[in-house]
Amino acid sequence: MVEQLSFKIAEVEGPLDLILQLISKHKLNIYDIEITKLLEQYLAYMEEVQSQELEIASEFLEMASRLVYIKSVSLLPKHEELEEQLKRELTGQLIEYTLCRQVAGLLKNRYVGDELFYRTVQPVTKEAQYERHHKPQILLEAYLSAVGKKKLPENPQKAFEPIMARRVVSVNSRIVIIMKMLYKQRRAPFLSLFEQSSDRADIVATFLAVLELVKNKRVMIEDDGKTVSLL
């Protein structure tokens, strides 16, 4: 009969931690684990978790299936070598996990927080303060020299006038023009669509309009890549 478990579920950090607790509690030999007894205690733990309506992590389920597999192998004839290999792998993981926990404990004891890693407030000496005074124009010239600019524009508002003055051409307006042309001709040379373009804005809007029409399957670019036709 499986002995009732007495430790709290919250104290178990993972399946390896649980197995170590079971080995310690039932005085099992870590170098020669009794898989049958360990599996019984492990499944009892999982039943206790389910009885408290707690979710079982996937790594616990994976370890349970691993223990079941080792026990299944032990019941098969002529599989002693495989059983010993599986048990050695589990034992190696448990020993490695134990060493890691021991090292973590040593590092935790050596940690002293921020007690030794701070600097006391240092008084500001008079020599550390910059007491010279400069004219604003000299400071401006020094700043412009540092950022790599000769001078600021005399009227910053005029610097944006070329951008604001550019004509905005909508893609929809170019779609209307292209469709009117194709309704009359059915087919047209691709470059002819740009003949009425007077500037870069017109060219870009026309090109985007063609892409939009092709995307919506209203026109197609023929195989030669030089002709646009209406669908």
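Which of (1) touching a helix residue (DSSP H, G or I) at 6+ places or on another chain (Cβ under 7 Å); (2) at pLDDT below 80; (3) open to solvent by less than 80 Å² (accessible area, probe 1.4 Å); (4) of a type in the set (A, V, I, L, M, F, W, C) is the odd one out, the single condition Ala57 does not satisfy?
Condition (1) is where Ala57 drops out.
Can you run down the residue pairs with Cβ atoms below 8 Å, 6 or more apart or on separate chains, where the first is in the stretch 168-185 and more than 14 Å from Met220 (Cα to Cα) and the partner is assigned to a helix (DSSP H, G or I) and open to solvent by 50 Å² or more (accessible area, probe 1.4 Å)?
Val169/Val204; Val171/Leu208; Val171/Glu212; Arg174/Leu208
List pairs: first residue in the stretch 64-79 and surrounded by 14 or more Cβ atoms within 10 Å (Cβ to Cβ), second residue among the aromatic types (Phe, Trp, Tyr) and part of a helix (DSSP H, G or I) anywhere in the structure, Cβ distance under 7 angstrom, at least six positions apart or on different chains.
Qualifying pairs under 7 Å: Ala64/Tyr42; Leu67/Tyr42.
Per-residue answers, yes or no, for (1) in a loop (DSSP other than H, G, I, E, B); (2) more than 39 Å from the chain's Cα centre (by Cα); (3) of a type outside the set (A, V, I, L, M); (4) at pLDDT 85 or above:
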| site | (1), (2), (3), (4) |
| --- | --- |
| Ala10 | no, no, no, no |
| Leu22 | no, no, no, no |
| Leu28 | yes, yes, no, no |
| Tyr31 | yes, yes, yes, no |
| Glu40 | no, yes, yes, yes |
| Leu43 | no, no, no, yes |
| Glu48 | no, no, yes, no |
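Mind listing whichever residues of the stretch 167-181 are open to solvent by less than 60 Å² (accessible area, probe 1.4 Å) and among the basic types (Lys, Arg)?
Hit for the stretch 167-181 is Arg174, nothing else.
Identify, from the list Phe207, Phe190, the residue that is surrounded by 13 or more Cβ atoms within 10 Å (Cβ to Cβ), at pLDDT below 85 and closer than 23 Å to Asp223 by Cα.
Phe190
Does Gln85 count as open to solvent by 30 Å² or more (accessible area, probe 1.4 Å) and farther than 16 Å from Val12 by Cα?
yes
Mind checking which pairs have a first residue in the stretch 191-209 that is free of Cβ contacts under 8 Å to residues at least 12 places away in the same chain and a second that is outside any helix (DSSP H, G or I) and surrounded by 15 or more Cβ atoms within 10 Å (Cβ to Cβ), Cβ under 6 Å, 6 or more apart or different chains?
From residues that are free of Cβ contacts under 8 Å to residues at least 12 places away in the same chain, the pairs are Ile203/Ser197.
The values are calculated or read from the model by the stated rules, or taken from the named source; none is laboratory data. All figures in this text were calculated on a predicted structure; none of them were measured in a lab. All Cβ positions, even for glycine, are placed from backbone atoms using ideal geometry, and neighbour counts span all protein chains on display. Quick note on the areas: whole protein, heavy atoms, side chains included, nothing else; ligands and nucleic acids left out. Shrake-Rupley method; radii C 1.70, N 1.55, O 1.52, S 1.80 Å.
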